[in-house]
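The values are calculated or read from the model by the stated rules, or taken from the named source; none is laboratory data. Owing to the predicted nature of the structure, the values given are computational and were not obtained by experimental measurement. Backbone-built Cβ (ideal geometry, glycine too); neighbour counts: all protein chains shown. Remember, those area values only see protein heavy atoms, side chains included, never the ligands or the DNA or RNA. Shrake-Rupley method; radii C 1.70, N 1.55, O 1.52, S 1.80 Å.
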Amino acid sequence: VDIEPVKRVNGAYGHLAGDEVRRTIAATLRQQLGDADVLGRYGGEEFVVLVPGAGPADACAVAEKLREQVGAQTVHTDDGRLNVTVSVGVAVLPGHGRELFELLASADLALYRAKRLGRDRVCLAPSGPCPSDPRAGYPYPCGHARVHLPAARRAEGVRRQGHPRPRHTGV
């Protein structure tokens with residue numbers, strides 16, 4: 001789940017307003033999830049949601065509900081009211097990966113697709129390996145099932161070995 005447009009909020013209203021946007025959206029996401037579901041902050045403006053046992057249709061329905069609720073939310077800051085949206089990339093076991101790294105990479109592919117298609121939408125990851133032709137529209141060309149994250153994404157919390165770095169985020 002990627003919050004849009006936090007970078008513009010930071011630039012126009014300051015980082016405290018951006019922090020308030022993240023806190024408000026995190027609370028909105030938490031309210032929409034079930035007791036068994038897990039929410040965690042993954043990067044600057046990104047969150048990861050784990051919905052145990054959900055297949056593609058159920059995961060997309062949860063993602064769509066989250067997208068709608070965030071879009072309906074107004075964030076109150078010292079500088080006024082802000083409305084934000086989210087784009088969501090969805091990946092499920094085992095069709096989009098068998099390990100956490102593969103699942104996160106597949107969800108990331110779907111997230112970038114949602115952004116390219118206009119933002120404020122949900123996209124399901126493609127099944128199977130990503131195309132090896134970069135002109136196919138996927139940001140990570142690879143030619144086999146292991147999806148490669150660029151160095152910038154690794155710096156946001158994924159080590160070179162492909163294992164998520166534990167982070168305390170305060171949300």
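Determine, for each peptide in 22-29, 10-17, the mean count of other beta carbons within 10 angstrom over its residues, then list the peptides with the highest first. Let's see the in-between values first.
Numbers: 22-29: 18.2, 10-17: 14.2.
So the order, starting with the most tightly packed, is 22-29, 10-17.
Considering only GLY89, GLY11, LEU33, and ranking their Cα positions along the charge dipole of region 1-121 that arises from unit charges at the beta-carbon of Lys, Arg, Asp and Glu, the one farthest toward the positive end is GLY11.
Using the 1.4 Å probe convention, the accessible area of region 25-125 works out to 50 Å² per residue with neighbouring protein chains retained. Rolling a 1.4 angstrom probe over region 1-125 with all protein chains present gives an accessible area of which 49% lies on carbon and sulfur atoms.
Based on every Cα atom in region 1-107, Rg and the maximum pairwise Cα distance Dmax equal 14.4, 45 Å.
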